[in-house]
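Asker: Let me begin by handing over the structure; questions about it come next.
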């Protein structure tokens, strides 16, 4: 089942929502691509790209939370770390399956957990955790920070340059 953007997902009607739409589009692509006999190399590549974009989005969210004095920032940051770790686990799982797969093997069942994780992750995180930021949106909008106005693809090199790259991210970016 694909994820359809709904008004209830809106956080700021700006950068965060644009990032969420981008991430949902990537997740939908992966969900559609996971079929019997699918190309695991393509799935792995898409998951890696999702990881990169998600790192950039989480970086942006953290900056906005800092400038708006979001009180749950530490808890939110830990959730981000856990989600990225789980996503990295799925990347490694798909790459392991790809290295072990010979011929036309039906992998939809093996990858069902990955689909389920992606679906639960984005909807659960937006609707449960990110919604807590809505009352801080005005403070976020006043932030004079280039992170707020950059396209998510342009944000990735910025993160690498300014914030450094952790060990997990360096394996993906």
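Asker: Here is a list: 83, 47. Which entry is surrounded by 13 or more Cβ atoms within 10 Å (Cβ to Cβ), over 19 Å from residue 137 (Cβ atoms) and modelled with pLDDT of 95 or more? Before you say what the answer is, go through the steps one by one.
Answerer: Working: 83 fails: modelled with pLDDT of 95 or more.
Every option except 47 fails the conditions.
Asker: What is the residue count in segment 73-96 for residues that are touching a helix residue (DSSP H, G or I) at 6+ places or on another chain (Cβ under 6 Å) and either closer than 14 Å to residue 152 by Cα or in contact (Cβ under 8 Å) with a residue 60 or more places away in the chain (or both)?
Answerer: 2
Asker: Could you count how many residues in segment 51-67 are closer than 20 Å to residue 4 by Cβ and in contact (Cβ under 8 Å) with a residue 60 or more places away in the chain?
Answerer: As a first pass, look at segment 51-67 and keep what is closer than 20 Å to residue 4 by Cβ: 53-54, 57.
Pick out the ones that are also in contact (Cβ under 8 Å) with a residue 60 or more places away in the chain and you get 53, 57.
Result for segment 51-67: 2.
Asker: Out of all the residues in segment 41-50, which are within 15 Å of residue 89 (Cα to Cα) and in contact (Cβ under 8 Å) with a residue 24 or more places away in the chain?
Answerer: 43, 44, 47, 48, 50
Asker: Shifting gears a bit: Suppose the filter is within 18 Å of the chain's Cα centre (by Cα) and surrounded by 19 or more Cβ atoms within 10 Å (Cβ to Cβ); does residue 4 pass it?
Answerer: Here the answer is no, as residue 4 does not meet what is asked.
Asker: Would you tally the residues in segment 104-127 being at pLDDT 75 or above and either in contact with a helix residue (DSSP H, G or I) (Cβ under 9 Å, 6 or more places away or on another chain) or farther than 19 Å from residue 55 by Cα (or both)?
Answerer: Residues flagged as at pLDDT 75 or above and either in contact with a helix residue (DSSP H, G or I) (Cβ under 9 Å, 6 or more places away or on another chain) or farther than 19 Å from residue 55 by Cα (or both) within segment 104-127 amount to 15.
Asker: In segment 86-103, what residues are closer than 19 Å to residue 31 by Cβ and modelled with pLDDT under 90?
Answerer: If the condition is that a residue be closer than 19 Å to residue 31 by Cβ and modelled with pLDDT under 90, then 97, 98 are the ones that fit.
The values are calculated or read from the model by the stated rules, or taken from the named source; none is laboratory data. Values in this document were obtained by computation on a predicted structure and should not be read as measured data. Virtual Cβ from ideal backbone geometry, glycine too; neighbours counted across all protein chains shown.
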